[in-house]
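See structure below.
The values are calculated or read from the model by the stated rules, or taken from the named source; none is laboratory data. Treat the numbers as computed from the prediction; the structure is a model and nothing was measured. Every residue, glycine among them, receives a Cβ derived from its backbone with ideal geometry; neighbour counts consider all protein chains shown.
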Amino acid sequence: MSNREAMLEKLAALDAEHAKALAGGGPKYVERHHKRGKLLVRERIELLLDPDSYFLELSPLAGWGSDFTVGASLVTGIGVVEGVECLITANDPTVKGGASNPWTLKKALRADEIARANRLPVISLVESGGADLPTQKEIFIPGGAMFRNLTRLSAEGILTIALVFGNSTAGGAYIPGMSDYVVMVDGGAKVFLAGPPLVKMATGEDADDESLGGASMHARKSGLADYFAVDEPDAIRLGRQIVSRLNWRKQGPAPKPAYDEPLLAADDLLDIVPGDLKIPFDPRDVVARVVDGSVFDEFKPLYGSSLATGWASVHGYPVGILANARGVLFSEESQKATQFIQLANRANTPLIFLHNTTGYMVGQEYEQGGIIKHGAQMINAVSNSRVPHLSILMGASYGAGHYGMCGRAFDPRFLFAWPSAKSAVMGPQQLAGVLSIVARAAAEAKGQPYDEQADQQMRAYVEGQIEAESLPMFLSGRLYDDGVIDPRDTRTVLGICLSAIHSAPVEGTSSFGVFRM
Ligand code: COA
C-alpha cells in the first residue's frame, strides 16, 4: 500500500468517528430538540460566529473508546465573534440532556486552559442537565474547577459571557453565576439551585420553574440575567453585541501583512509519512508545504542532523521549527535543540515541534557520552521556555523523545496529531520484548522452566494492546491532544492557533533551570 493509500484509509476511519460527534444524541433526540423550537449546538455556534469565519473545533473525539458518546456532550473551539477570537464552549443537549460526564469535564477544563494561556474571551452556550448522575463521583469534586476557572479568568481581565438557552441548575447555576455577562432565553433558561421537586422536599414550598429560575424572573427580580432574550437567535444577537463592546485588543505583535503561500502543494503531505513508521522520512518535505513561501532558514544544518532546526513564518507569524529528521535523538541533537530554544526565547519567537522520534539514543557508548544529561538540557529548555509552543505529532512520539519535543505534559499551547501518529513509552514490539526478557530472567532466578508458548501468547497480546493504546483516536479520546487533523490542514490549523496565541503577549525568557554540563 502506498503512503497516500495508508493515510487516506486512516483519514476515512477518522471521518467516521468525527461523524459520531456531529450526530450528537442521534436522530431521535435531534428531532425532539428541533420540535421544541430549539437550535442544535452547532447551529447556535454557527449563528454566533462572524459569517464566513472559521471555527477550530477542539477535542472532538473526547470520550472515544469509553461508554460515552464521542465528543462528550460538549463542543469547544476557537471562533471569531465581531472580529474577536473567542473560546467557545457549548453543551450538546441532545446527548443525555447535555449532562457532563468525566470526559466532558476534562474537555471543559482543557478549554479553560486554552482561554487562559492565550487570553481568549470565553462564551459559554449553556443547556445542561448538570452532572451525569451515574458518574458523579468522578466529576463532582474536581468539577468545582469549572466555576473557579471562570472567575479566575475574569480576575485576569479575560471576559466571560454565558448565553443560557436551557437547563443550568444546581452546580450548573454557577456557570452564569461566575460569568461577567449573562444572557437568558425567555421560556428556555432554567437557572436555579434547586428545581420545584427539591424545593418541595427541602422547605415544603410550592414553586414552578419560571418563578424559581426563568429568564424573566432573573432579568427583573434576581438580577442574575443582564440581558433578556426573546428567543435563541435574540440571545445570540445579544452575545455578539456584548463582544462588540468589549473593546478587545490583541497584546501580541501583529503578523507581517504580506506573505507568500508555500511553493509546494499541501496535498503532497498525504504522500510523506510511510504506513510503517520504521521507514524514515524527511520533515523538510513537510516544512516546505506548511511555511510561508516554503522558506526554511536552517540553523546548524550540518550538526546533529537527525533534528532539523530553523526559522520560518506561518501566515506571517515568525516561528522556530524543531523537526525530527531520523527517529533517534543523540547528544548533538539535544544540545542543538537546547541552544535553539534559548535563541527563540531571546527573539520572542514561538516554536513548532514536529514529532517523529523513537526517543533518546540508548547503549553503552551513548550513556558514557552523557545522553541523559544532554537530554535533560533539552527537557530543561523546553520546560522553562516561555515562548508559545505548538506540537504536531506526525509519526512516532515515543519515550522521553515525546517529552523533549514538548509533549502534552510540557504545556504546548496546542497539540495536534496526524492520523499516522503513535505515542507510547516505547514501541509495542520493544515493550513486549522487554516484558518477555524480564519474565524469563525472573523464572531463571527462581530456577523454574520458562513457558515459551505462554511467552509467545503474552507478547502477541501485549503488542496488540500497546499498539491500540498508541493510536491517535485512543489518545485523543483521553484528551492527550487537542484533536487529530488531516495533514493537509496543518498550515491552516497552525495559522489559526498562532493568531489566537497572539491575543496574549508573546515573550520569551532568559531564565532556565540549571543546565547540567
Ligand atoms: N445524568 C445522567 N443522565 C441524564 C441526566 C443527568 N444529569 N440528565 C438527563 N439525563 C438523560 C435522561 O435520563 C435521558 O436518558 P434516556 O433518553 O436514555 O432515557 C436523556 O438524558 C434525555 O433526558 P430527558 O429528560 O428526556 O431530556 P429533556 O430535554 O426533556 O430534559 C433535563 C433535560 C436536563 C432538563 C432533564 O433530563 C433533567 O432534569 N435532568 C436531571 C437534572 C439534574 O438534576 N442534574 C443534577 C444537577 S447537578
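Scanning segment 55-76 for residues that are surrounded by 24 or more Cβ atoms within 10 Å (Cβ to Cβ) and either at pLDDT below 95 or polar (S, T, N, Q) (or both) turns up Ser59, Ser73, Thr76.
Those helices (runs of 4 or more DSSP H) of segment 186-291 in which at least 3 residues are under 29 Å from Asn324 (Cα atoms) and not basic (Lys, Arg), considering only elements entirely within it, cover 284-287. So the check is Cβ under 7 Å with 6+ separation or different chains; which pairs have a first residue in segment 177-195 that's of a type in the set (Lys, Arg) and a second one that's within 16 Å of the ligand (Cβ to nearest atom) and assigned to a strand (DSSP E or B)? What qualifies is Lys190/Gly166; Lys190/Asn167; Lys190/Ser168.
Let's see how each residue does on (1) loosely packed, with under 15 Cβ neighbours inside 10 Å; (2) touching a Pro at 6+ places or on another chain (Cβ under 9 Å); (3) charged (D, E, K, R):
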| site | (1), (2), (3) |
| --- | --- |
| Asn118 | no, yes, no |
| Gly130 | no, no, no |
| Gln136 | no, no, no |
| Ile141 | yes, no, no |
| Ala145 | yes, no, no |
| Arg148 | yes, no, yes |
| Ser154 | no, no, no |
| Leu159 | no, yes, no |
| Asn167 | no, yes, no |
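Checked against the criterion of being under 23 Å from the mean Cα position of the chain (by Cα), more than 28 Å from Thr492 (Cα to Cα) and among the aliphatic types (A, V, I, L, M), the candidates Ala424, Ala432, Ala323, Ala400 yield just one match: Ala400.
Residues in segment 11-31 that are of a type in the set (A, V, I, L, M) and within 13 Å of the ligand (Cβ to nearest atom): Val30 alone. Screening Met458 with (1) under 30 Å from Ile114 (Cα atoms); (2) without any contact (Cβ under 8 Å) to a residue 60 or more places away in the chain gives one miss only, at (1). Segment 405-517 holds helices (runs of 4 or more DSSP H) entirely within its bounds, and those carrying 1 or more residues that are under 30 Å from Pro255 (Cα atoms) map to 490-501.
Say we look at segment 159-188 and pick out the residues that are under 24 Å from the mean Cα position of the chain (by Cα) and within 15 Å of the ligand (Cβ to nearest atom); which of these is modelled with the lowest pLDDT? Taking the candidates together, the pick is Gly172. Considering Ala108, Ala145, the condition of being under 23 Å from Met473 (Cβ atoms), outside any loop (DSSP other than H, G, I, E, B), in contact (Cβ under 8 Å) with a residue 24 or more places away in the chain and within 16 Å of the ligand (Cβ to nearest atom) is satisfied by Ala108 alone. Of all residues in segment 300-319, none satisfies being β-branched (Val, Ile, Thr) and surrounded by fewer than 23 Cβ atoms within 10 Å (Cβ to Cβ). Name the residues in segment 111-138 that are away from the ligand (no atom under 15 Å from the Cβ) and assigned to a helix (DSSP H, G or I), would you? Selection gives Ala111, Asp112, Glu113, Ile114, Ala115, Arg116, Ala117, Asn118. When the residues of segment 32-61 are filtered to those that are within 16 Å of the ligand (Cβ to nearest atom) and assigned to a helix (DSSP H, G or I), which remaining residue is farthest from Val484 (Cα to Cα)? The extreme case among them is Lys35. Would a scan of segment 203-220 turn up a residue that is in contact with a His (Cβ under 9 Å, 6 or more places away or on another chain) and within 16 Å of the ligand (Cβ to nearest atom)? No, every residue in segment 203-220 fails to be in contact with a His (Cβ under 9 Å, 6 or more places away or on another chain) and within 16 Å of the ligand (Cβ to nearest atom). Examine segment 267-283 for a residue that is of a type in the set (A, V, I, L, M, F, W, C) and free of Cβ contacts under 8 Å to residues at least 60 places away in the same chain, and state whether such a residue exists. Yes. Does Ala235 qualify as being surrounded by 14 or more Cβ atoms within 10 Å (Cβ to Cβ), touching a residue at least 60 places away in the same chain (Cβ under 8 Å) and not aromatic (Phe, Trp, Tyr)? Considered against the rule, which asks whether it is surrounded by 14 or more Cβ atoms within 10 Å (Cβ to Cβ), touching a residue at least 60 places away in the same chain (Cβ under 8 Å) and not aromatic (Phe, Trp, Tyr), Ala235 comes out as yes.
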